[in-house]
Amino acid sequence: MSHYNVRLPLIEQMKRFRPHNEPGVLNCRFPANPPPSFVPVPIAEQSSHIIAQTAYRSLDCNTFICMKNGASFWFFPKDHNGQTISGWRWTKSKWIYFYTNIKKVKSIQCMSKKLKD
């Protein structure tokens, strides 16, 4: 089974997360609002190291992702373990759970002014 375009019923999506008040686990809530209505200017392909750093800094922020297969979309990352990122992907009208390997990402751009140090 491919790691991208994973579409699961909401109940199944939530089973993948533990309550957010447990130490070291994810907050399972998806964003309350849709992402920005604009599409950012594409940037050059980034190295896996830069993508991993940006993914970590972009947790809980609206992020625009370009995949190596040509797909691009708004994403709201909730977890990053060094090899994969997971969170919520915007699909024209709603957020769906999504995860992928960092190696499949071409570039990632955080659109929030609030970046983690």
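Laboratory data are not the source of any read-out in this text; all were calculated from the coordinates shown. Computed from a prediction, not measured in an experiment: that's the story for all the values here.
Observations
- Pairs of lysine residues in the stretch 33-117 that meet both criteria, 8 or more places apart or on different chains and Cα atoms under 15 Å apart, total 5.
- Computed Rg/Rh of the stretch 57-116, alpha carbon atoms with Kirkwood Rh: 0.93
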